[in-house]
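For reference, the structure discussed in these notes is given below.
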Amino acid sequence: VNIKVDEGGYLEYIPDQIIPFRSSRFYQEVEITVHEKGTMIYSEIIVPGRVASGEKFQYDICYIKTIARNQSGKPRFIDIVKLDPKENDLTVDGILGNFEVLGTIYIVTREQYVKKLLYEINEKIKEIETRGRISGGTSILPSRQGIIVRLLGKTAGDVKNLIMEVVRKARYQIIGAPFSALRKA
């Protein structure tokens, strides 16, 4: 996946969840180039497999490498997610624990939006965590050029709903526009 956002641009890319099937090996590299005066919101959701077919963590590996750069090619961050249920028990504490779904949101934007948006996202996570269906955390990207949000959830719906809340908050703060729903082709 290669995405480029130029100066003054704003792009949200929120694909459907990744559903690794039995014995699959999924590899994805995401290259994001975002101008220092642009914004990109990108997310990923990984579910445990085709659960309705009895396939839960029966895939070989799910590997996603995300690299973001500025307009000059200078790296902003590199993030790697590697789920390898054949080699590691994903249900232990420190990996997924009692959760089954992993979600990540990258908000690459100007520093002026980071502090307030970070606060709003953390407050939303705290509010939802009390229900026990989501656990999450945030980090500020290097040089305060955005935020990464990592979520663990009981269901894809739980994680997707929180991602939509984060996108709604980010869109309103960064471009002043309301968020109603995703548009799909």
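The values are calculated or read from the model by the stated rules, or taken from the named source; none is laboratory data. None of these values were measured; they are calculated from a predicted model. For neighbour counting, all protein chains shown are included, and Cβ atoms are generated from backbone atoms with ideal geometry for every residue, glycine included. Ligands, DNA and RNA are stripped out before the accessible areas are found, and what is left, the full protein with its side chains, is counted by its heavy atoms. Shrake-Rupley method; radii C 1.70, N 1.55, O 1.52, S 1.80 Å.
Details
- Single residue of 175, 105 found to be out of contact with any His (no Cβ under 7 Å at 6 or more places or on another chain) and open to solvent by less than 40 Å² (accessible area, probe 1.4 Å): 105
- Evaluation of residue 137 against (1) in a strand (DSSP E or B); (2) in contact with a Phe, Trp or Tyr (Cβ under 9 Å, 6 or more places away or on another chain) (one fails), failing number: (2)
- Residue identified as in contact with a His (Cβ under 7 Å, 6 or more places away or on another chain) and not acidic (Asp, Glu) among 71, 145: 71
- When 114, 159 are screened for being more than 17 Å from residue 37 (Cβ to Cβ), β-branched (Val, Ile, Thr) and not in a loop (DSSP other than H, G, I, E, B), only 159 passes.
- Hits in segment 138-163 - residues which are in contact (Cβ under 8 Å) with a residue 12 or more places away in the chain and over 11 Å from the mean Cα position of the chain (by Cα): 140, 141, 142, 143, 144, 145, 146, 153, 154, 155, 156, 158
- Yes/no for residue 80 being within 15 Å of the chain's Cα centre (by Cα) and buried (at least 19 other Cβ atoms within 10 Å of the Cβ): no
- Evaluating residue 132 against the criteria (1) within 19 Å of the chain's Cα centre (by Cα); (2) within 22 Å of residue 162 (Cα to Cα); (3) open to solvent by less than 70 Å² (accessible area, probe 1.4 Å) leaves one unmet condition, (1).
- In segment 54-82, the residues that are without any contact (Cβ under 8 Å) to a residue 12 or more places away in the chain reach residues that are among the charged types (D, E, K, R) with C-beta atoms within less than 9 angstrom, at least six apart or across chains, in these pairs: 54/22; 72/36; 75/69.
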